[in-house]
Structure formats: C-alpha cells, structure tokens
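Shown next, in structure tokens, is the structure this report addresses.
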Amino acid sequence: MSGTAEEMNAIIFDEERLQSRLALMRQYIARPIPNQPWNDSTPALIPFYDGDGPSGGGIIIAGSRHASNIPLLQSMNVTAVLNCASGGIARLPVDELKECGIRYAFTNCRQDSYTYPILHERKKVVNRPSNLERMMKGLTDSEDKFICSQHLEVSNSLFVDIRRENCLGEGKQPGNVLFFCVAGQNRSAVLAAATLMLHGKPLEEILRHCAKLRPFVLENVGFQRQLVELEAILNRLRSRDATQLLRAQFSSHWDLLQQAKLVLSKRVRMMESEDDIKLVSLTNRPLSSISHSKSEGEVLAGTKVEIELLIPGLCTMEVRIPKECTIPTVKKFLVQHVNDNLLRHDEHPAEVAKAWVVLAMFGYDDMYDIPLEVEAVELKVQLKRMKHMFGLTARLKGGELHVTWNERCRFALVIFSVIRISKVPSTKSDSNDHKKMEIDRCSIDPSKRTDQVPWTFVHEERPNAPSTLLENTLRSTHLRAWDFVTGESLASKLPIVFSFAEDPRDRRAFMMVSQSANTLQQFHAPGEGDILGMGENAIVHRVQLSFTRADGGQRDEHWTRVNVGLENEKHVDKNRNEEEESDSLLEDWDAAVKRPFSLGKMLIFLQNSSEAGLAKRLRLANLLNSDKRVLYFYGLGLGLSTNAYNQNQYKFELMLLAKYCPTFSTYTMRVFMEEYMMKLSTVTDGAQRQSLQKMHSQFSITSVKVFLVSLLNAFRDLTLMGVEAFDFNHLNNVLVSRDYQSVRLIDIDGNAQGSIQYPSLEETFANSNRRLTPIKPPPQKPSLNVDLNILLPSVIEQLILGKGRGRSFVSNTRSEIWRGEGEG
C-alpha cells in the first residue's frame with residue numbers, strides 16, 4: 001500500500017507543475033515591503049462570490065494594528081477576527097470586539113519559518129497488518145499521508161460558520177472575516193488564501209487581489225510551496241476520477257472540502273468572555289473533542305487558570321497553573337511544561353537551568369511588566385507592583401504568600417542556560433531510569449549546577465520579512481530593564497542586539513551592535529557600539545533608556561508600528577491611580593550596561609554575594625551612598641545578542657545597569673595618572689600637549705589633597721556598606737571626574753553577610769510562628785580587602801613627585817630619599 005501511496009503522491013505533486021505555479025505566484029506577490037517608517041493603513045479584502053451573486057463575505061488579510069482598530073473593522077463590516085500570530089496580542093481590545101458584535105478566535109501559528117507546517121505536513125501513519133501472516137508476527141504496515149494542520153481546520157471552520165450566518169441573514173450585508181498576524185504578511189495571508197481555495201476560489205484570483213493591496217505578502221517560500229501543494233491536492237480531490245484510495249490518502253483535506261461544500265460545521269469556540277478564555281487554544285485539541293482532561297476539569301472547577309506562556313526564541317504555549325499559588329510554584333509549573341513539551345524533545349534534549357519569569361497582562365503594553373525574580377526585584381516590591389500594575393492580590397496561606405492569578409496573565413520564561421540530558425524515555429523499562437534521573441536532578445538546583453551550558457536559538461533573518469524575529473517570538477529587540485528599588489520597567493529607546501563569541505577571550509566579537517528595526521540586523525564594525533569600557537570579565541555599553549507605560553505612551557518614532565502591532569496612540573486608563581500618574585514624570589536616562597563575557601561570569605556576578613547582589617543592596621541603602629562615590633546602580637537588564645560568527649544564532653543575557661555620568665564617563669584613574677606624569681617633551685601632538693600643560697598648571701598641592709580625600713572617602717563608604725573586595729591594583733576600577741575633584745569606584749564585590757541586610761518578605765513569613773519581625777543575625781564586621789599600605793603610598797608618591805616628570809623620576813627620587821635616610 002505504501003508503494004501505491006508513493007506513486008499517487010508523485011502524480012499529484014508533479015515537480016515541474018509545482019515550480020510553474022510557484023513562478024506564477026511570484027509574479028503577483030512576495031514584493032519588497034515598503035521602507036520604514038511605513039503607515040500600513042490598508043488591509044487586503046479578498047471577496048468571496050458564489051455563482052452570480054454574493055452569498056457570503058470575504059476574508060481580509062491584515063496585521064495586528066488593523067485588528068486593534070475597531071472603527072476600521074466596523075467600516076469593513078467585519079463580523080469575526082482570527083488571530084494567526086503565535087499568541088495573544090498584548091493590547092488587542094477583546095472586550096471591545098465583543099461589545100461591537102465581533103467574534104474573536106485564534107489559532108497558534110508558532111513560527112513564520114520556511115519549514116513550519118502551517119497548512120499540512122507529511123506524516124507516517126501506522127495501519128493494521130495487511131495480512132494474517134504479518135499480524136501473527138506482530139508486524140504493522142505504514143504509509144506517508146498528508147495531514148491538514150489544525151490551523152487550517154480552525155480557519156476553515158470559522159469561515160464556514162460566518163458564511164452560514166451570511167446565508168441565513170437575509171437582507172443583511174454579508175460579513176467579512178479578518179485574518180491577522182503581527183505584520184499581516186505571511187501567516188494570515190497563507191491561511192486566508194488556503195481557506196478561500198477550500199471554498200472554491202481559484203488561487204490566481206486570490207493572488208490578483210493581493211497584488212493590488214498587499215503585494216508584499218507571502219514572501220515565505222515554504223508557505224508558497226505548501227499553498228501550491230494544497231492547490232494540487234484540491235484539484236485532484238475535486239476531479240471526477242478521484243478514487244476512494246485518493247480520498248483516504250488525503251482524508252483530512254477531503255473532510256474540509258465536504259465541510260466547505262455543505263456550509264455546515266461544528267461551531268468554533270470563541271473567546272466571547274473571560275470565562276471562555278479558560279478553554280482557549282483551538283490548536284491544542286481537536287474541534288470535535290467533547291471530553292475534558294483532568295486539567296481542563298480543574299479549569300472548569302475554578303482551581304486552575306489557563307494562561308499564555310511565551311518562550312522568547314521558540315513559541316507561545318497555553319499552560320494551566322493553580323489559580324492561587326506562590327510565585328515559585330508558578331515558575332515550577334512553567335519550567336516543567338517547557339521541559340516536558342519542548343526541550344526534552346529537541347534534537348539535543350535538555351532541561352531548563354537558569355531562567356527568568358516575567359509577568360505581563362493582556363490589555364496593557366507588552367513591555368509594561370515585572371520580573372518575578374528576587375535577583376532583580378525584592379519579593380515585597382514584586383507583590384506591590386503586581387497589585388499596583390495589574391490588580392493581582394496576595395494573601396498569607398500556610399506561612400507563604402499565595403497570589404491569585406487570572407486568565408489575563410501573560411508569562412514569559414526567558415531561558416539563559418540548559419542542562420543537556422541523554423534521552424527521553426520511550427518505553428516502560430526506561431521510565432524507572434527516568435524517575436531516578438528526576439530524583440537526582442531535583443536534589444540540586446539546576447541554576448546552580450556546574451554542567452549547564454548557554455541556551456541559544458536559531459533564527460534566520462529574511463530580506464522581505466520585516467523583523468521576523470519579533471513576529472516569531474512576540475518580543476522586540478529593545479533592551480529591557482527594571483529598577484532595583486521600585487521595580488519600574490524600562491526599555492531602550494532604540495532596538496538593540498549585541499554580539500558575542502563562544503570564546504570569551506575574543507573581545508572584539510563582543511563589540512558589535514545592531515539597532516535595526518523592521519529590517520535585517522545591521523551590525524556596526526567593532527568599536528562603533530557606544531562602548532564605554534572593557535575589562536577582564538565584561539564589556540560596558542552606553543544605552544539610552546525610557547520608562548515604559550501601561551498604555552504604550554513611551555513609544556515614539558523609534559518604536560515602529562509593524563513590530564509593535566499597535567497604533568501609536570494614548571488612551572486614558574480610568575483605573576490609573578495617582579502613584580502611576582506620577583510615574584509619567586520620570587525622565588529618560590542613559591545607562592552604562594555591563595555585559596559579562598560568558599555564562600559562568602554572568603552566573604557568578606548574579607549571586608547575592610557578588611556584584612549584582614551587592615549592587616541591589618547598595619541601591620536599597622541609598623543613604624550610605626548619598627555622595628555617589630560608589631557607582632550608582634539602577635537595576636538588572638535583559639538583552640538579546642547574536643553570535644558574531646553565526647548571526648542566525650541568538651541568546652539572552654542578563655546585564656548590570658548603572659547610570660551613565662558624562663562627568664566621569666570612561667576617564668579612569670589609570671589614564672589620569674599616565675597623563676598626570678607624562679613629560680610634555682615626549683608629546684608630539686600640539687592639541688594634546690596644550691591640554692596636558694593646562695592640566696599640570698591647574699593641579700596644585702591643594703588639588704592633590706582634595707583628590708586623595710575623595711579617594712579615601714570612597715574606600716570608607718565601601719567599608720560602611722559591607723563590601724569585602726575591591727580590585728585597586730590596575731586603577732581601572734576608579735573613575736575620575738573631569739575637574740579632578742572627585743572619584744567614583746566601580747567593579748565592586750561583596751558578601752551577603754555584610755553590614756547591609758534587607759530580609760525579603762519570604763524570610764519574614766518563613767518561620768512556623770509567623771513572626772512578622774524576623775530574628776536578624778548580628779551584622780558581620782565590615783572589612784575591605786584592599787592592601788592600602790602598599791597601593792596608597794605609591795599613588796601619593798606619584799601625585800606629589802610625578803607631575804610632568806615621568807614614572808622614572810618618581811622611582812629615582814624615592815631611591816634618593818631612602819639612601820639619604822640611610823646615610824643620616
């Protein structure tokens with residue numbers, strides 16, 4: 001039977017015929033998208049006609065910004081919309097759609113890639129044995145079958161449903177269905193064309209309509225191929241000589257044809273209310289399913305809620321979590337779901353090691369969010385922000401704080417590293433081994449294991465696909481950041497993609513930056529990425545940041561509409577309180593963004609006893625650093641980087657953000673001392689000689705005293721803050737102001753048991769007696785691990801003796817003094 005099926009496929013998919021149809025298709029579509037900025041104001045209506053007159057509306061190919069425009073939908077007589085993106089659009093007005101009588105459905109098209117089976121895929125199907133002998137031997141027969149995707153099933157069922165209503169609504173203007181993805185270019189276009197073809201509209205007529213209004217659609221060559229394959233299948237199934245064997249071979253296509261022919265189908269479940277959101281994802285189960293799993297029953301019973309989970313770089317999924325639980329419990333559910341349904345089934349099976357959970361909410365800007373990680377924001381601040389931003393409440397239950405989640409919650413699980421595993425159990429005998437592996441893994445926190453490796457994902461930029469990375473992940477390339485103290489979210493004013501190398505010693509590979517939007521990433525040559533400095537462990541970039549807003553008010557001309565999917569308009573939130581109104585007065589600021597060179601260095605600097613942990617404590621203890629003699633840290637940032645030698649490979653990084661200060665900028669004490677002691681006779685450049693001469697003339701013995709007092713005060717501040725380590729040897733960790741009056745210390749390190757202690761709310765409620773005031777251990781005696789007996793006298797010698805005379809003069813003079821003391 002398999003041979004017959006192969007012969008049948010060869011007849012239907014005549015390669016010469018398919019290539020001819022592809023060439024015809026490309027005469028109409030796949031044109032370059034207009035240059036940005038581009039006001040995409042015209043969706044493409046492809047009308048559907050039956051016989052001499054219209055018996056049903058058409059399908060409109062559009063982007064998410066069109067689906068958000070209620071007046072536009074009403075003007076085009078839209079009665080239903082189908083979301084073809086990889087997840088919910090953050091600020092899509094679902095409630096307003098319902099009020100206007102416009103139904104909302106969605107199908108989770110996870111990728112806009114050449115290989116994604118958006119219409120159908122070839123699968124090997126196991127059949128019953130063809131004869132008794134094979135049955136007795138326990139053998140089975142298999143064949144390749146083309147199976148329709150659930151995306152096509154959902155789109156066809158919705159269109160049949162609307163056509164049926166149009167036929168019954170006598171005297172009413174036929175309603176249209178709007179298919180949309182993020183950019184309205186590939187996913188919505190291919191599903192619209194395929195659905196119309198199922199209902200008898202020729203492909204060439206569809207392409208003519210597209211060519212008039214949206215000639216840039218269907219640039220994805222993989223989707224083009226699936227479309228002409230579908231045309232070939234439908235032509236053979238509609239032919240008079242279509243056999244039962246042919247219909248069996250393409251049974252799912254035949255079923256859809258019959259459904260379209262009868263204009264009769266099961267009703268598609270729409271998200272018409274918040275309750276309907278509990279049974280989302282038409283792609284996760286068959287439309288005809290009437291039985292509910294245990295998890296679905298828990299959703300209906302109100303003990304669980306179904307939320308949207310974004311895995312940046314992969315896809316969006318629907319996950320059922322307890323309606324009321326702790327934040328660590330939510331993260332455990334999300335990580336387990338990703339492990340079980342994605343990473344363990346990868347070509348190189350893995351499990352999540354280091355990851356962050358970030359919470360957002362439907363109805364708000366997608367960058368108005370909060371990380372649920374104590375590394376970034378203390379738990380008490382997380383809870384305060386969740387209530388203030390999204391109205392989520394928490395209560396004490398069993399000694400722990402439980403948050404009440406709802407269906408509008410949108411979580412992102414940002415993966416930084418994974419642990420490779422050997423296999424996924426496929427038999428009962430393997431399952432016991434798998435359980436043992438689970439016990440071993442659970443005994444150690446995966447984020448602290450030494451065998452974790454960076455997690456990377458592959459994405460191929462395409463010339464005619466605007467920001468395909470953004471479309472696939474629903475995450476823009478803007479750098480994200482959150483304030484240590486307030487938890488307020490920030491984003492870079494411009495999109496930014498950094499670069500990296502697998503070898504952390506290859507420093508030049510970390511220096512490139514792309515700030516492209518809605519086009520291919522364009523990386524500057526090394527050195528042109530606003531680099532402030534580079535050390536042994538990290539590189540520092542300058543990035544301009546802006547506070548994000550619930551209504552997207554932070555977006556300006558740099559936030560292009562295609563990758564946002566929204567109008568750049570502001571609306572008043574009636575629920576907005578005075579505290580949030582005050583947020584709008586916050587000013588944008590420049591950040592010095594410190595990126596570690598490797599995963600190991602990133603994990604170390606995130607530890608509570610290391611730089612990021614100490615930076616948060618210093619930020620919380622602002623009074624101890626009121627003079628800003630220690631670098632003023634604001635928070636942690638989350639950014640995207642690409643491999644400098646394989647720009648299809650991406651990963652996420654965590655970064656430490658300090659406030660950029662032009663007064664100090666990158667003028668280190670090492671550079672200052674070199675210029676201070678430089679002999680003017682050795683300088684050939686006239687401008688440089690004049691600058692050094694001015695510096696030498698102005699720097700008196702009083703200036704030396706002021707400079708040293710500032711340096712000693714900075715060391716004192718470090719001691720008071722509980723800092724235990726500071727590298728003073730090469731002087732690059734001390735910044736000098738341009739007026740030489742003050743210094744600022746950078747690249748600090750510390751210990752969690754220092755004099756600064758801020759117990760989290762988790763610790764407050766952890767004890768069984770529910771004490772609201774925890775018992776604090778006595779603070780450790782502050783100590784600074786810097787040998788000032790050697791380093792500081794050397795600096796003083798150079799300041800007093802070396803101005804304009806050189807290092808050798810300082811050494812010779814010191815030797816003469818020592819000899820003189822010996823002779824005396």
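Is it the case, given these coordinates, that Ser239 is surrounded by fewer than 19 Cβ atoms within 10 Å (Cβ to Cβ) and under 37 Å from the mean Cα position of the chain (by Cα)? When the stated conditions are applied, Ser239 does not pass them.
Examine segment 552-573 for a residue that is among the polar types (S, T, N, Q) and modelled with pLDDT of 65 or more, and state whether such a residue exists. Yes: one or more hits. Quick check: is even one residue across segment 602-612 open to solvent by 10 Å² or more (accessible area, probe 1.4 Å), more than 22 Å from Ala355 (Cα to Cα) and either touching a Gly at 6+ places or on another chain (Cβ under 9 Å) or not hydrophobic (A, V, I, L, M, F, W, C) (or both)? Scanning segment 602-612, I find no residue that is open to solvent by 10 Å² or more (accessible area, probe 1.4 Å), more than 22 Å from Ala355 (Cα to Cα) and either touching a Gly at 6+ places or on another chain (Cβ under 9 Å) or not hydrophobic (A, V, I, L, M, F, W, C) (or both), so the answer is no. Once segment 79-124 is narrowed to residues that are closer than 17 Å to Cys181 by Cβ and of a type in the set (D, E, K, R), the residue that is least open to solvent (accessible area, probe 1.4 Å) is Asp112. Taking the criterion of being out of contact with any Cys (no Cβ under 7 Å at 6 or more places or on another chain), under 22 Å from Leu227 (Cα atoms), among the polar types (S, T, N, Q) and in a helix (DSSP H, G or I), the residues of segment 146-194 that qualify are Gln150, Ser155, Asn156, Ser157. The criterion of at least 1 residues that are in contact with a strand residue (DSSP E or B) (Cβ under 9 Å, 6 or more places away or on another chain) and modelled with pLDDT of 90 or more is met, among helices (runs of 4 or more DSSP H) falling completely within segment 195-292, by 203-213, 221-238, 251-262. Has segment 333-346 got at least one residue that is closer than 23 Å to Glu488 by Cβ, within 20 Å of the chain's Cα centre (by Cα) and open to solvent by less than 20 Å² (accessible area, probe 1.4 Å)? For segment 333-346, residues closer than 23 Å to Glu488 by Cβ, within 20 Å of the chain's Cα centre (by Cα) and open to solvent by less than 20 Å² (accessible area, probe 1.4 Å): absent. From the list Ser476, Ser443, the one residue that fits, being more than 16 Å from Leu656 (Cα to Cα), open to solvent by 30 Å² or more (accessible area, probe 1.4 Å), of a type in the set (Gly, Ala, Ser) and modelled with pLDDT under 85, is Ser443.
Every listed requirement among (1) open to solvent by 20 Å² or more (accessible area, probe 1.4 Å); (2) at pLDDT 90 or above is met by Asp747 save one, (2). Filtering segment 575-610 to residues that are hydroxyl-bearing (Ser, Thr, Tyr) and either touching a strand residue (DSSP E or B) at 6+ places or on another chain (Cβ under 7 Å) or modelled with pLDDT of 65 or more (or both) leaves Ser598, Ser609, Ser610. Of the numbered criteria (1) assigned to a strand (DSSP E or B); (2) open to solvent by 30 Å² or more (accessible area, probe 1.4 Å), the one Arg410 fails is (2). Per the listing Gly639, Gly613, the residue uniquely of a type outside the set (A, V, I, L, M), part of a strand (DSSP E or B) and at pLDDT 75 or above is Gly639.
Taking (1) over 26 Å from Phe510 (Cβ atoms); (2) part of a strand (DSSP E or B) in turn, Ala658 satisfies each apart from (1).
Residue check: Lys651 meets all listed conditions (1) basic (Lys, Arg); (2) open to solvent by 70 Å² or more (accessible area, probe 1.4 Å); (3) under 30 Å from Thr456 (Cα atoms) but one, namely (2).
Of the listed requirements (1) modelled with pLDDT under 95; (2) open to solvent by 30 Å² or more (accessible area, probe 1.4 Å); (3) in contact with a strand residue (DSSP E or B) (Cβ under 8 Å, 6 or more places away or on another chain); (4) of a type in the set (D, E, K, R), Glu400 misses just one: (3).
The values are calculated or read from the model by the stated rules, or taken from the named source; none is laboratory data. The model shown is predicted, which means the values in this text are computed figures rather than measured ones. No Cβ is skipped: glycine too gets one built from the backbone with ideal geometry, and neighbour counts run over all protein chains shown. Just the protein is used for accessible areas: all its heavy atoms, side chains included, with ligands, DNA and RNA removed. Shrake-Rupley method; radii C 1.70, N 1.55, O 1.52, S 1.80 Å.
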